[in-house]
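We did not get these values from a lab; they are worked out from the coordinates using the rules stated. Since we're looking at a predicted model, the values are computed, not measured. Here the Cβ is made from the backbone with ideal geometry for all residues, glycine too, and neighbour counts use every protein chain on show.
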């Protein structure tokens, strides 16, 4: 069983439980008001509970790594990486427009693969101290 997380949109949160063989088993789309950090973990807990699963049942996590809402992407990627690290399971990232076929994310996982963090993708380079000093 795999977990899919999409927090790339400002006002939407999508999570899904995915099986290699059966595809999407359950999915939750929530309209939120830029509250990804408050809503994501409770939504994951609720989705797992509804399907009589626990975190340890997860074999991998897929996450949209951008582009999209700067804060939303960071929340989703940080959550996926934290869960992957804690459970020692693989985490795979995909760019926003590539997530139309969720199964493609999980096909990159190979048997026995362990945690490796996903790096967010930002449409623009983050502002650094150097940029701020020259302004």
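Against the main long axis of the alpha-carbon atoms of the chain, helix 70-87 sits at an angle near 40°.
Comparing 56, 12, 95 in a Gaussian network model of the chain where C-alpha atoms under 10 Å apart are linked, the largest mean-square fluctuation is found at 56. Dividing the summed helix terms, -39500 (n - 2.57) for each DSSP H run of n ≥ 4, by the number of residues in the chain produces a 222 nm estimate of -10000 deg cm²/dmol to the nearest 500. Testing the spin-label approximation: label points 7 Å from Cα along Cα→Cβ at residue 107 and residue 52. State their distance in nm. Going from the residue 107 label point to the residue 52 one covers 3.2 nm. For the chain, compute Rh as the Kirkwood radius over C-alpha pairs and then the Stokes-Einstein diffusion coefficient at 20 °C and 1.002 mPa s; write the answer in µm²/s, rounded to an integer. Answer from the Stokes-Einstein relation: 142 µm²/s.
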